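J.: Below is the structure I would like to discuss, written out as structure tokens.
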Ligand SMILES: *Cc1c(COP(=O)(O)O)cnc(C)c1O
């Protein structure tokens, strides 16, 4: 079965997967979605015998139908190798009544590595298939983790340039240091005076700027995206949901066909949407529990059917979830109204003009069949980190702790005892200050790398290479710009 992709804002045109990957976002500002959902063509039992790469192939081949077997296998082999510090790629730990799926064993120690390790290869293959001769310019907005993972993936890749915008003051010290020390002739990192939503909106506006795109094309460049609006990010994330199921089945934790729940710490809604895609291809997924921090736009939506971003933007200890406009939610909205791009357009127009929209009761019912919302306050997150550490010695990062705290409430409220996977999105070493303070109750004044050593002493967890590598690394990027000057920064980077 061939899968084609349409824009959420105009489904009259269809494009191939490789074309959608090179574009990133559709010309009309919509996101690419598959025109139908494929089904796994092997049994769960067979799936449970495969390693991560094997599952990756079985899942991705369903969605990337214009890639040959050799092309896809090449991308997978290049991506999931010794860059990961675990042979399993995504190890799972059973802690205090739930399975923690550790997605932070890649080169930048956050879950963004799962997709950004493979995206550069998917993009190169896609560009070739579509006879794109221009250099690709990857424009990226980051709430902290995508930036470094994309830089690591694309640095030094021939025919590609990458520019990353992050909210100055809105990311952790370790996250910032990871980005501003990035080496490579084809990379640029810029802090903006604004928050993540400003960065993301700025990038989307540049994508939609027709005149600028023309100017770029004349200079020999085309834009693409490494954000989870790119289908080349989203589909590789479906893999670890399928792999979790396979792993639990292989280890006798579940019987074939049993449902499992996932709790996902959510920002841009990309990770959890991949869980929904896994359900659509036949993985027995029960509830997808959408965990928010104090920026709880999504939680409020699940309570009220109204998506309303008109509120204060809160800086929390889980900065990668400090987001009020969850881009990927548009894909779910589109699917929930029966793939009606006209309806989706109406709602997205409301979001742009009024900052809010309300879905119909049928749409809400569709969404509630798979999703449920929860949120955790800063205090709950901190308590949960301490609690789990005291009880088990396992150290949660702040984002994973949001999910873990939400799961505790969910269990209390519902008494649901379905086997549950907590999607663990970052190493605690990326958010050392907040994690350590949660455990020892001290408001630390020391440098972040001193705290890294303290956390190591306390937890016995070895310091990841990604952190040791940047301790003494030179700062190579110090540009900071106004949020409405992002285009000028792109021009300067490309010598236009
Ligand atoms: C990006 C990120 C999230 C949020 O994921 P979305 O796909 O944006 O919902 C959660 N935790 C960490 C550590 C992240 O880097």
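J.: Restricting to region 228-262, what's the tally of residues that are in contact with a strand residue (DSSP E or B) (Cβ under 6 Å, 6 or more places away or on another chain) and within 12 Å of the ligand (Cβ to nearest atom)?
T.: 0
J.: I need every pair where a residue in region 27-51 that is free of Cβ contacts under 8 Å to residues at least 24 places away in the same chain has its Cβ under 7 Å from the Cβ of a residue that is not in a helix (DSSP H, G or I), sequence separation at least 6 or different chains.
T.: 28/7; 28/9; 28/10
J.: All but one of (1) closer than 28 Å to residue 165 by Cα; (2) more than 16 Å from the ligand (Cβ to nearest atom); (3) in contact (Cβ under 8 Å) with a residue 24 or more places away in the chain hold for residue 283; state the number of the condition that does not hold.
T.: Checking residue 283 against (1) closer than 28 Å to residue 165 by Cα; (2) more than 16 Å from the ligand (Cβ to nearest atom); (3) in contact (Cβ under 8 Å) with a residue 24 or more places away in the chain, the one that fails is (1).
J.: Could I ask something else about it? Answer with yes or no whether residue 269 is within 20 Å of the chain's Cα centre (by Cα), within 15 Å of the ligand (Cβ to nearest atom) and modelled with pLDDT of 95 or more.
T.: Yes.
J.: Output the residue which, of all residues in region 461-494 that are loosely packed, with under 12 Cβ neighbours inside 10 Å and free of Cβ contacts under 8 Å to residues at least 12 places away in the same chain, is farthest from the chain's Cα centre (by Cα).
T.: Top of the filtered list is 472.
J.: Which of (1) surrounded by fewer than 23 Cβ atoms within 10 Å (Cβ to Cβ); (2) in contact with a strand residue (DSSP E or B) (Cβ under 7 Å, 6 or more places away or on another chain); (3) part of a helix (DSSP H, G or I) does residue 177 not meet, given it meets every other one?
T.: Condition (2) is where residue 177 drops out.
J.: For region 317-333, check the following and say yes or no: at least one residue is within 16 Å of the ligand (Cβ to nearest atom) and within 30 Å of residue 46 (Cα to Cα).
T.: yes
J.: Looking only at region 472-493, count how many residues are modelled with pLDDT of 95 or more and in a loop (DSSP other than H, G, I, E, B).
T.: The total comes to 6.
J.: Return the only residue of 385, 372 being within 16 Å of the ligand (Cβ to nearest atom), in contact (Cβ under 8 Å) with a residue 12 or more places away in the chain and crowded, with 24+ Cβ neighbours inside 10 Å.
T.: Of the residues listed, the single one that is within 16 Å of the ligand (Cβ to nearest atom), in contact (Cβ under 8 Å) with a residue 12 or more places away in the chain and crowded, with 24+ Cβ neighbours inside 10 Å is 385.
J.: Are any of the residues in region 395-402 surrounded by fewer than 24 Cβ atoms within 10 Å (Cβ to Cβ), closer than 24 Å to residue 90 by Cα, over 19 Å from the mean Cα position of the chain (by Cα) and touching a residue at least 12 places away in the same chain (Cβ under 8 Å)?
T.: Within region 395-402, one or more residues are surrounded by fewer than 24 Cβ atoms within 10 Å (Cβ to Cβ), closer than 24 Å to residue 90 by Cα, over 19 Å from the mean Cα position of the chain (by Cα) and touching a residue at least 12 places away in the same chain (Cβ under 8 Å).
J.: Filter region 193-227 for residues that are outside any helix (DSSP H, G or I) and under 16 Å from residue 324 (Cβ atoms) and give the result.
T.: Within region 193-227, 194, 195, 227 meet the criteria.
J.: Give the residue, chosen from 148, 112, 129, that is in contact with a helix residue (DSSP H, G or I) (Cβ under 6 Å, 6 or more places away or on another chain) and away from the ligand (no atom under 16 Å from the Cβ).
T.: 129 is the lone residue from the list that is in contact with a helix residue (DSSP H, G or I) (Cβ under 6 Å, 6 or more places away or on another chain) and away from the ligand (no atom under 16 Å from the Cβ).
J.: Does any residue of region 420-441 turn out to be in a loop (DSSP other than H, G, I, E, B), closer than 27 Å to residue 266 by Cα and over 27 Å from the mean Cα position of the chain (by Cα)?
T.: Yes - at least one qualifying residue is present in region 420-441.
J.: Test residue 123 against the criterion of being in contact (Cβ under 8 Å) with a residue 60 or more places away in the chain, away from the ligand (no atom under 16 Å from the Cβ), farther than 30 Å from residue 397 by Cα and part of a helix (DSSP H, G or I), and give yes or no.
T.: yes
The values are calculated or read from the model by the stated rules, or taken from the named source; none is laboratory data. What you see is a predicted model, and the numbers here were worked out from it, not measured in a lab. Here Cβ is always computed from backbone atoms with ideal geometry, including for glycine, and neighbour counts include all displayed protein chains.
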